[in-house]
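The values are calculated or read from the model by the stated rules, or taken from the named source; none is laboratory data. None of the values given here were measured: they were computed from a predicted structure. In this analysis, Cβ positions are derived from the backbone assuming ideal geometry, glycine residues included, and neighbour counts consider all displayed protein chains.
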Amino acid sequence: AQSVTQLGSHVSVSEGALVLLRCNYSSSVPPYLFWYVQYPNQGLQLLLKYTSAATLVKGINGFEAEFKKSETSFHLTKPSAHMSDAAEYFCAVSDPFSGGYNKLIFGAGTRLAVHP
Amino acid sequence: IAGITQAPTSQILAAGRRMTLRCTQDMRHNAMYWYRQDLGLGLRLIHYSNTAGTTGKGEVPDGYSVSRANTDDFPLTLASAVPSQTSVYFCASSDEQNTEAFFGQGTRLTVV
């Protein structure tokens with residue numbers, strides 16, 4: 001069965017500092033991997049996705065993530081945090097061969113705080 | 001651009017009452033999903049539908065039912081609400097390419 005582990009339920013960084021949000025997955029087949037962002041009282045918005053093309057994926061708002069099969073990881077990074085990046089971030093995995101379309105399995109989420 | 005519309009945005013419901021959460025999409029996506037979001041647990045899949053006329057159980061289906069009479073609508077029903085169903089519910093849809101799910105704004109349900 002697929003699962004996702006996000007290390008750290010809360011991460012706090014200074015404005016301008018590196019953002020690193022960790023995600024490890026387990027899957028019996030090469031997965032699709034996603035990062036979603038949720039701003040307060042809103043739905044989820046796709047940041048970026050890995051679908052077996054380039055292992056370094058660039059998303060919106062300056063975020064990127066690298067798929068590392070050997071480490072079963074898909075960590076999210078941004079070189080310089082902005083105050084507007086404060087939100088909750090979810091890593092998700094899906095099985096492209098499940099026949100059930102995009103049945104995403106989510107991690108528990110990481111709340112990112114950015115302070116001046 | 002509407003995307004996915006959920007109604008109501010929030011609701012306080014007495015335990016034992018029946019409640020239907022509505023979800024409508026205008027993207028003509030075949031697949032639709034219902035998730036619940038709980039603190040520390042992320043989002044968990046309740047039910048899904050690959051196409052109109054078909055539904056399937058997700059990770060936490062007990063106490064919930066869905067129907068998919070047409071492509072656009074995917075209502076979620078709580079037959080007899082219990083306090084443990086207090087949560088934020090998100091509806092989502094994806095196309096046949098299956099590489100992105102689009103989410104509604106959520107329904108915040110409190111069962112008292």
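With the structure loaded, tell me whether B:Thr99 is within 14 Å of chain A (Cβ to nearest Cβ), more than 19 Å from A:Ile105 (Cβ to Cβ), more than 10 Å from the chain's Cα centre (by Cα) and at pLDDT below 95 or whether it fails that test.
For B:Thr99, the condition - within 14 Å of chain A (Cβ to nearest Cβ), more than 19 Å from A:Ile105 (Cβ to Cβ), more than 10 Å from the chain's Cα centre (by Cα) and at pLDDT below 95 - is not met.
Please work out which one of (1) in contact (Cβ under 8 Å) with a residue 60 or more places away in the chain; (2) surrounded by fewer than 16 Cβ atoms within 10 Å (Cβ to Cβ) is the condition B:Phe90 fails and give its number.
So the condition that B:Phe90 fails would be (2).
Could you tell me whether any residue of the stretch A:80-99 is among the charged types (D, E, K, R) and either within 14 Å of chain B (Cβ to nearest Cβ) or under 23 Å from B:Val60 (Cβ atoms) (or both)?
There is at least one residue in the stretch A:80-99 that is among the charged types (D, E, K, R) and either within 14 Å of chain B (Cβ to nearest Cβ) or under 23 Å from B:Val60 (Cβ atoms) (or both).
Taking only the stretch B:24-36 into account, find how many residues are within 12 Å of another protein chain (Cβ to nearest Cβ) and surrounded by 19 or more Cβ atoms within 10 Å (Cβ to Cβ).
So the answer is 7.
Tell me, yes or no, whether the stretch A:1-19 has at least one residue that is within 26 Å of A:Pro116 (Cβ to Cβ), in contact with a Ser or Thr (Cβ under 8 Å, 6 or more places away or on another chain) and of a type in the set (Val, Ile, Thr).
Yes, the conditions are met somewhere in the stretch A:1-19.
When you go through A:Gly59, A:Gly8, A:Gly16 one by one, which is the residue that is within 13 Å of chain B (Cβ to nearest Cβ), over 11 Å from the mean Cα position of the chain (by Cα) and either buried (at least 20 other Cβ atoms within 10 Å of the Cβ) or touching a residue at least 24 places away in the same chain (Cβ under 8 Å) (or both)?
Just one listed residue meets the conditions, A:Gly8.
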